[in-house]
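Take a look at the structure set out below.
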Amino acid sequence: MAGYSRYVAMGDSQTEGLWDGDDNVGLMGFADRLAVLIDEHYPGLTYANLAVRGRRIRNLLGEQLPRALAMRPDLVTVCIGMNDVTRPGPHFDRALADLDDLYNQLAGSGATVATTTFPDLAKIVPVGRLLGPRVVRINEAIRAAAELHGFRLVDLYCAPSMTEADTWSADRVHGSAKGHALFAAAAAEALGLPGSNHDWTLASEGAAPSSVRSRTHSQLLWTQNMLMPWLWRHARGRSEGDGRTPRRPRLDPVPA
């Protein structure tokens, strides 16, 4: 691997870094953590993070992709689609077509592209069973695009570490600080960074399979911290990301 000099991250709240820090002390997130890992091996990396919470695939096509391509990156990470998976209504086929368009344009950029599938939500919260068919469909589309275009793939779907409660934040959708560290380790492996390995997939030593009680508790947390705020915003015609802009909109050196 020759190294990278210009890294642009695209996506929604996961890439923005939600729940890894907060808006008061600052967010970190897997993309920031990955940038630090790359810079440790290949000093001089510049890094931009265009992700904004609440964004859908169509938002990346219209907002983030043109800005990313204008920076002429040699590395792009893209993690997008969960807001399309969870959004009710008949839009999902259109979202998958938009995802294909997004990947086709990234493939033509000349950059190394790393993308990711989504974990098995049914093993995290009971409501995940309702979303399971959409998760399977979007993961199939992501894997097919990665194979077609030669993208680096982070496959979270079957990793045992992704079913552990402390991998996830209180809303059971966004990664915790531990989760973001695992995501960064997974991306490092996909990119072949020195010292990376497959250990990020492993369950914690002594971890027990999730019980009915723990899954029910996760469902309660998801309802309280994810579903109810979403319903309130939706009733007012608002999105979580309204009025927000990317927190790292330009290519800048990675903070020490």
Open item on the list: Sort Glu189, Glu140, Glu16 by heavy-atom solvent-accessible area, probe 1.4 angstrom, most to least.
Closed with: Glu140, Glu189, Glu16
Open item on the list: If packing is taken as the average number of other Cβ atoms within 10 Å across a peptide's residues, how do 81-87, 143-149 rank, most packed first?
Closed with: 81-87, 143-149
Open item on the list: What is the sum of charges, Lys and Arg at +1 and Asp and Glu at -1, for the other residues whose Cβ falls under 12 Å from the Cβ of Leu251?
Closed with: +3
Open item on the list: Output wanted: per-residue J couplings in Hz (rounded whole) for region 78-93, from phi through Karplus 6.51 cos²θ - 1.76 cosθ + 1.60, θ = phi - 60°, x for Gly and Pro.
Closed with: 9, 10, 8, x, 5, 5, 7, 4, 8, 7, x, x, x, 7, 5, 4
TODO: Quickly rank 27-34, 44-51 as a protection proxy: mean count of other C-beta atoms within 10 Å, highest first.
DONE: 27-34, 44-51
Open item on the list: For Arg6, what accessible surface area do you get with a 1.4 Å probe? Give it in Å², rounded to 10.
Closed with: 80
- [ ] Apply 1/(1 + (r/R0)^6) to the Cβ-Cβ distance of Cys158 and Asn24, taking R0 = 30 Å, and write down the FRET efficiency to the nearest 0.05.
- [x] 0.25
Task: Between region 96-110 and region 153-210, the Cα center-to-center distance that results, in Å - done: 26
TODO: Run the accessible area of region 69-138 with a 1.4 Å probe and give the carbon-and-sulfur part as a rounded percent.
DONE: 54
Task: Once the Cα gyration tensor of region 1-137 is diagonalised, semi-axes √(5λ) in Å - done: 26, 19, 13
- [ ] Enumerate the amide H contacts of Ala203 below 5 Å, restricted to partners 5 or more residues apart or on another chain; note that Pro and chain-start residues carry no placed amide H.
- [x] Ser161
TODO: Give the Kirkwood hydrodynamic radius (Å, one decimal) of region 68-169, defined as one over the mean of 1/r across all pairs of different Cα atoms.
DONE: 14.5
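The values are calculated or read from the model by the stated rules, or taken from the named source; none is laboratory data. Note that the coordinates shown come from a computational prediction; the quantities given were computed from them, not determined experimentally. In this analysis, Cβ positions are derived from the backbone assuming ideal geometry, glycine residues included, and neighbour counts consider all displayed protein chains. For accessibility, only protein heavy atoms count, side chains too; no ligands or nucleic acids. Shrake-Rupley method; radii C 1.70, N 1.55, O 1.52, S 1.80 Å.
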